[in-house]
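The values are calculated or read from the model by the stated rules, or taken from the named source; none is laboratory data. The model shown is predicted, which means the values in this text are computed figures rather than measured ones. A quick note on method: Cβ atoms are made from the backbone with ideal geometry, for glycine too, and the neighbour counts reach across all protein chains shown.
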Amino acid sequence: MKTNEILLVDDSSDIRSALREILATDFKVNVSEAKSGFEAIEMIKKQEYDVLICDVVMLNGTGLDIHSYLTEFKPELISKLIFFTGNTAGLQKTPIQFFKLIDKFNYSELFLALKEIGIEFR
């Protein structure tokens, strides 16, 4: 079985830590973390990821900055971009493509989205 690479992008270290632990426990994944959109873009330039789980509103580069980068340079990842945010209402009206928009505290919906993408449970 393949171990999938996930990039988790959130400016809250508490959210990143909790989500990393949940993902590593339930899925066969390696989880990398970025605390800003610009840090994530630099990581995406250097490594291949199977899924991006990304907050939208962050300092030093937003989820939309990551989306713009992917659109131009890595369009194949748009279908693997999950916006995991507390601000779902504002983004629902944005005419951009991404795989899923999930409320930050809806872990069951996140798990379903990962399964849809093809990430395997342990």
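Where helices (runs of 4 or more DSSP H) fall entirely within the stretch 1-86, none has at least 3 residues that are at pLDDT 95 or above and of a type in the set (V, I, T).
Restricting the stretch 102-115 to residues that are modelled with pLDDT of 75 or more and either under 10 Å from I82 (Cβ atoms) or touching a strand residue (DSSP E or B) at 6+ places or on another chain (Cβ under 6 Å) (or both) leaves a set whose member that is surrounded by the most Cβ atoms within 10 Å (Cβ to Cβ) is L114.
Matching residues to (1) surrounded by fewer than 19 Cβ atoms within 10 Å (Cβ to Cβ); (2) of a type outside the set (V, I, T); (3) touching a residue at least 24 places away in the same chain (Cβ under 8 Å):
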| position | (1), (2), (3) |
| --- | --- |
| I22 | yes, no, yes |
| K28 | yes, yes, yes |
| A34 | no, yes, yes |
| A40 | no, yes, yes |
| V56 | no, no, yes |
| T62 | no, no, yes |
